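The values are calculated or read from the model by the stated rules, or taken from the named source; none is laboratory data. Keep in mind the model is a prediction, meaning the values are calculated, not measured. Each accessible area value is taken on the protein alone, full model and side chains, heavy atoms only, with ligands, DNA and RNA left out. Shrake-Rupley method; radii C 1.70, N 1.55, O 1.52, S 1.80 Å.
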Amino acid sequence: MGTLGVIIVCIIVAIVFSALGVYITATKLRTALTKDAKQVLEEAEEKAEMVKKEKILQAKERFLQLKSEHEKQVQERNNRIMQAETKLKQKEQEIRLKIEEFQKKHAEFTQARENLNKQLEVLASRQAEVEKAFQKSVQKLEQIAGLSADDAKKELVEAMTAEARNEAMSRVMEIVEEAKLTANQQAKKIVVESIQRTATENAIENTVSVFNLENEEVKGRIIGREGRNIRTLENLTGVEVIIDDSPDAIILSCFDPVRREIARLALHKLVTDGRIHPARIEEVVSKTKKQIEQEIIETGKRTCIDLGIVNLHHELVRMIGKMKYRSSYGQNLLQHSREVANLCATMAAELGLNPKIAKRAGLLHDIGKVPDNEPELPHALHGMKLAERCKEKPEICNAIGAHHDEIEMDSLYAPIVQVCDAISGARPGARREVVEAYINRLNKLEEIAMSFPGVVKTYAIQAGRELRVIVAAEKVSDLDANQISMDLSKQIQSEMVFPGMIKVTVIRETRAVNYAK
């Protein structure tokens, strides 16, 4: 063999020995593992046995615990049942006692009822005897007096009623007369004190404003080419601009003070600025209107603050401001309303009423005179509608609507407002009217009324606000009087121009006069 063979043989021998070593090692390892597995198994069995014993002990302890709790609950339930039975027995005993007591009282009541029935029978028999005796007495009295009992009772009742009525009427007349004397004295005192405490100055307003100029040259610029400037100003403001021979003066004529004030301020701005032409006039008039509107609102707010009136609707505040530019017979309406408000507050305080409500009603009583649109209603009724729309109190609305007797007065504030309105307007110098025109208007009213058949006398009273017509009772019936009133009011409407309303009252009376001698 060569060297290669020796190497091969050596390799084979090495492989055989290696395999043999591996086999021997595996055999030893298997033997060792077998021993370890048996040991682990034995230990596991021992541990399982121990765990089993512990679980059994725990289960026994839990069972004993649950058993103890169950016995305790059963014992408590038995105790409650015993207590309930004890209470039930006590209730039964009490009910039994009450039943016995009731039976006893029932027996007593039955006995008492029997005794009462016997007494009622005795009483009925005695009452029958008394009634018979009374009837015999009445019959004897009727025979003696010659009247039946009913007739005598009727005559007695009538006599007592007539006597009581006469006494009551006498007492009522005394009370009425005493009340009249006291009421007149008290009313005069309150009116005089109110007038003295709220005395104010009076100023008459005109329907024209005079605008003074620095020189005569400005007149030509105001007139403009072919009068276009003055026509534009008149069309935009609704005011008549009178340029006559008066030196350095222009007259603005209009019955609406607001329009007249807008024209005056606009003209002042135009003259001061120097630019006078239609476009500039239109611009200035527009700005002046906004300025006046703002002043109206500020005036209304300031008036409310001065009088201590709060929570007034913004529309009413605006109308109060407009009163500044409104006059009635030359009397400024805002000044008049403020005076009436103060008078109303004073009178209400004297009479024990709420002065705040009275002052509020006095301030708002003439808001119907400054509407945005011309209403068909009289100013008092229109003012009442405005106040109702602005959520004012019912007594305030009624006082506004009733201060010229267009509606019925529902509260004491209404006559207070009416009286204070008359006081403010009747102050010397407060209002102005041409005497001749005033007298002619009254004469015209009386002449129209005298033209109707059957009219005897006519009287125009309350400054021409009421016309009283007296007719002959033998010539005019009640229906005719009603017809005269309607026809007369229609004729006055068609033939005369007058402010406000005129109340036409036709009076027909029959008098029977005799003399005792």
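A few remarks follow.
- Surface share of carbon and sulfur [accessible, 1.4 angstrom probe, percent] for the stretch 1-44: 76
- Residue-by-residue Karplus 3J(HN,Hα) for the stretch 36-47, coefficients 6.51, -1.76, 1.60, Hz, glycine and proline x: 5, 4, 5, 5, 4, 5, 5, 5, 5, 5, 5, 5
- In order through the stretch 55-63: 3J(HN,Hα) via Karplus (6.51 cos²θ - 1.76 cosθ + 1.60), integer Hz, x for Gly, Pro: 5, 5, 5, 4, 4, 5, 5, 4, 4
- Stokes-Einstein translational diffusion, the stretch 467-512 - Kirkwood Rh over all Cα pairs, 0.890 mPa s, 25 °C, in µm²/s: 213
- Within the same chain, aspartates and glutamates fewer than 8 places from K28 are excluded, and of the rest, those with a Cα less than 17 Å from its Cα are D36.
- Relative intensity, log₁₀ I(q)/I(0), of the stretch 224-330 from a Debye sum that treats every alpha carbon as a point, q = 0.14, 0.18 Å⁻¹: -0.63, -0.90
- When each of K359/K444; K290/K369; K301/K503 is checked by Cα-Cα distance, pairs over 26 Å: K359/K444; K301/K503
- Reach of K457 by Cα under 12 Å, taken over aspartates and glutamates that are not fewer than 8 positions away in the same chain: E446, E447
- Pair-distance profile P(r), taking every C-alpha pair of the stretch 290-404, with 10 angstrom steps and integer %: 15, 50, 31, 4, 0
- Percent accessible area from carbon and sulfur atoms, the stretch 371-425, protein chains only, probe 1.4 Å: 51
- An ellipsoid equivalent to the stretch 439-493, defined through the eigenvalues of its Cα gyration tensor, has semi-axes of 19, 11, 9 Å when rounded to whole angstrom and sorted largest first.
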